[in-house]
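The values are calculated or read from the model by the stated rules, or taken from the named source; none is laboratory data. Being a predicted model, the structure only gives us computed values, none of them experimental. Glycine gets a Cβ as well: all are built from the backbone with ideal geometry, and neighbour counts include every protein chain shown. Side chains included, ligands, DNA and RNA excluded: accessible areas come from the protein's heavy atoms. Shrake-Rupley method; radii C 1.70, N 1.55, O 1.52, S 1.80 Å.
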Amino acid sequence: MYTKEEFKEQTDLFYSYYKEPIKLLMDRSGLAKPTVWKFLNGKSLRTYNQDKLIECVVALNEMAVAKRQALRDRGKKVIQLELQLGEGNSLENSESA
């Protein structure tokens, strides 16, 4: 289980990744807005609701991190391709001169 500090890091990360975190957690967990609100504010909940919400937050954070990593990787590939294309154009220009 998470310590309070680790959980705070997870919720901070969650808020930074998603525009409407409360609605997303409501949709993902099937729990009501007051329950989600209490959870995000650190209030006590039934254990099974708390566990369900923690699982949702962690899973959504992992998805967001994986998506960001995939975007970074694609960005690097595009830059490498542009560099290769740029090198090819400079070779063609020097050969035609």
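Candidate cross-link partners of Lys38 among the aspartates and glutamates, defined by an alpha-carbon separation under 15 Å and a same-chain spacing of 8 or more, comprise Asp51.
When the helices in the chain are scored as -39500 (n - 2.57) per DSSP H run of 4 or longer and the sum is shared across all residues, what 222 nm value do you end up with, to the nearest 500 deg cm²/dmol? List each step's numbers first, then the result.
Values: 4 runs with 81 residues, N = 97.
Helix-only estimate at 222 nm: -29000 deg cm²/dmol.
With a 1.4 Å probe rolled over the protein heavy atoms of all chains, the accessible area of Asp12, Asp27, Asp51 falls in the order Asp27, Asp12, Asp51, largest first. By its C-alpha gyration tensor, with a ≥ b ≥ c as the square roots of the eigenvalues, how is the stretch 1-63 shaped: rounded for a/c under 1.5, else prolate for a/b larger than b/c, else oblate? Verdict is rounded for the stretch 1-63. Rolling a 1.4 angstrom probe over the protein heavy atoms with all chains in place gives the chain an accessible area of 78 Å² per residue. Each residue, Val58 and Trp37, gets one label point 7 Å from its Cα in the Cβ direction; the gap between the two is 2.7 nm.
Ranking Val58, Val36, Val65 by solvent-accessible area of protein heavy atoms (1.4 Å probe, all protein chains present), from largest to smallest, gives Val65, Val58, Val36. Stretching Gln69 away from Glu82 to a fully extended chain increases their span by 2.7 nm, per 0.36 nm per residue minus the current alpha-carbon distance. The string of couplings for the stretch 26-40 from the Karplus curve (6.51, -1.76, 1.60, θ = phi - 60°) is 4, 5, 5, 8, x, 9, 6, 4, x, 5, 5, 4, 4, 4, 5 Hz, one whole number per residue in order, with x for Gly and Pro. As an exercise, use a Förster radius of 30 Å and the Cβ-Cβ distance of Asp51 and Glu20 to find the FRET efficiency, rounded to the nearest 0.05. My answer for the efficiency is 0.85. Summing charges over neighbours of Gln69, with a neighbour being any other residue whose Cβ is under 12 Å away from its Cβ, gives +3 when K and R count +1 and D and E count -1. Computed over protein heavy atoms with a 1.4 Å probe, the carbon and sulfur contribution to the accessible area of the chain reaches 54%.
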